[in-house]
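So the structure is just underneath, and the comments pick up after that.
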Amino acid sequence: MTTRLSDLPQIQTLLALPAIEKLEEHYSRAETLEALRKVIADLRATLLEGIDCALPDFGSKAFAHKLGHLIEAARKPALGAVINATGIIIHTNLGRAPMAASAVAALQAVAAGSSNLELDLGTGKRGSRHDHVEDLICELTGAQAAVVVNNCAAAVLLSLVATAAGRSVVASRGELIEIGGSYRLPDVIVQSGATLREVGTTNKTRTSDYAQAIDDNTAVLLKSHTSNFKIIGFTAAPTRQELAQLAKDEQVILMEDLGSGVLIDLTPYGMTDEPVVRDILKAGVDLVMFSGDKLLGGPQAGIIAGRSDLIATLKAHPLMRAVRIDKLSLAALEATLRLYRPPHDPMFDIPVLRMISEPAEEVCARATRLASALKDAGVLDVRVEQTIAHVGAGSLPAQELTSFAASVALEGLSPDTLTAALRRNTPPIVGRIERDRVLLDMRTVQAAEVGIIATALQKIANT
Ligand SMILES: *Cc1c(COP(=O)(O)O)cnc(C)c1O
């Protein structure tokens, strides 16, 4: 017997069936309707492809049960935690920096009730949300003053609007970056109401180029950290000290869009291209802007640190309100910054820094543990492979971290199908494909997640 399109029942008829009516009491009418529409649409698509299929018994308990499953699946939150097995530590698509436990606890405490966000507990009078982290940032960076906003893009925009709107900003052609997600520095400068004066060339810019571009209308010399690409060969750029001297002589402001922003020297871990915020300010940069959730390892935030008169101008600017940080991020940021002080060890207590600095043998031990857990899962072909992990989020693109992965192949399943199945797990697991095998890179996987990955792979292998 062939099923025809005209055999498909009306949705209204299905809604009147007792088993489905019962389902509707348990869930909502809208959800039941959506599930029914999906089932009918799928059947219609199958029939239109010329594939014959028997229709289910729409009035049966089994069919109602199937609808229930569909509704439950649709009820899963759209945004949720995943396991990052990509080997990219600060993964833009996976929410960038994972936060430390104490940051999560601080965030939770503030989220669940009221807080002294803008109350001075000493005087009982109105306080400022900016006060909670300013001293800490100054202590950790040597800045005179600091203020925190929603993210680094907002930090750059606010800094330019408040100091350079209607005037000109001088920047090197070699530093007019795009960092992805449609953040292009030249566009941000235009949005701030300032005019961009490009100087130098892609590979070489000298202090004299900046000097020649400065006129009465110049407000800012803007440096930016070219964190996501590298120009090698015939290159030149002035030092920060040289630019700082020029800015001082000409009475203009020297700013740096730093992007990632590290508070401690990472050269012992082989990372030589990432300048420390304290050194940048010491070199004479007036304002530096950096992210809270890149190498700092905290929540999304944009930190502006530097000269106190300029920070006061930013705090008083009308745009400040539109870009201010929210209380949850602020709580998490304060807790993260505290981990940079003794007795804490930021290289261990901050997940991003721990993932960067963890010895390769320990990463390898996790890969081995996962591989051994899967030894008995017959059809799975698992081995431990040495890999290269990256910091990510445009930070240190050339930096390669030795890592180890469990490399998995499953008979009869393409790598694409296997990664798709892993993404459907609860929680979803995100790996990568290399040379027709699925790699689960252990540098970004936390110890407690190894067992979850093993169970997921076993389940996939057994179905
Ligand atoms: C990442 C980055 C930004 C933007 O930071 P967000 O926190 O994502 O807004 C700005 N400038 C540079 C140089 C960056 O690397």
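The values are calculated or read from the model by the stated rules, or taken from the named source; none is laboratory data. The shown structure was predicted, so the numbers you read here are calculated from the model rather than taken from an experiment. Note that each Cβ is placed from the backbone with ideal geometry, even for glycine, and that neighbours are counted across all protein chains shown.
All conditions but one from (1) among the small types (Gly, Ala, Ser); (2) in contact (Cβ under 8 Å) with a residue 40 or more places away in the chain; (3) at negative phi apply to residue 372; the one that does not is (2).
If you go through region 255-308 and pick out every residue that is among the aromatic types (Phe, Trp, Tyr) and within 13 Å of the ligand (Cβ to nearest atom), you end up with 1. Take residue 272 and tell me if it is under 29 Å from the mean Cα position of the chain (by Cα), free of Cβ contacts under 8 Å to residues at least 60 places away in the same chain and within 18 Å of residue 155 (Cβ to Cβ). No, not satisfied.
Can you name every residue in region 240-254 that is in a helix (DSSP H, G or I) and either loosely packed, with under 15 Cβ neighbours inside 10 Å or not basic (Lys, Arg) (or both)? Of everything in region 240-254, those that are in a helix (DSSP H, G or I) and either loosely packed, with under 15 Cβ neighbours inside 10 Å or not basic (Lys, Arg) (or both) turn out to be 241, 242, 243, 244, 245, 246, 247, 248, 249, 250. With respect to being within 29 Å of the chain's Cα centre (by Cα) and at pLDDT below 95, residue 228 fits the description. Looking only at residues of region 204-234 that are more than 29 Å from residue 391 (Cα to Cα) and assigned to a loop (DSSP other than H, G, I, E, B), we find that the one that is farthest from the ligand (Cβ to nearest atom) is 216. Screening residue 217 against (1) at pLDDT 95 or above; (2) closer than 22 Å to residue 154 by Cα leaves a single unmet condition, (2).
Just give me the residues in region 161-211 being within 22 Å of residue 92 (Cβ to Cβ) and of a type in the set (A, V, I, L, M, F, W, C), in sequence order.
If the condition is that a residue be within 22 Å of residue 92 (Cβ to Cβ) and of a type in the set (A, V, I, L, M, F, W, C), then 176, 177, 179, 185, 188 are the ones that fit.
For region 355-374, the condition of being of a type in the set (Gly, Ala, Ser), surrounded by fewer than 20 Cβ atoms within 10 Å (Cβ to Cβ) and in contact with a Ser or Thr (Cβ under 6 Å, 6 or more places away or on another chain) holds for at least one residue.
Taken together, the residues in region 261-276 that are at pLDDT 90 or above and not in a loop (DSSP other than H, G, I, E, B) amount to 4.
If you filter region 277-286 down to residues that are surrounded by fewer than 19 Cβ atoms within 10 Å (Cβ to Cβ) and in a helix (DSSP H, G or I), you find that the one that is nearest to the chain's Cα centre (by Cα) is 278.
For region 254-277, the condition of being touching a strand residue (DSSP E or B) at 6+ places or on another chain (Cβ under 9 Å) and more than 29 Å from residue 332 (Cβ to Cβ) holds for at least one residue. Listed by first and then second residue, the pairs with beta-carbon distance under 7 Å, at least 6 apart or on different chains, first residue in region 287-314 and in a helix (DSSP H, G or I), second of a type in the set (Gly, Ala, Ser), are 308/145; 311/145; 311/146; 313/162; 314/159; 314/162.
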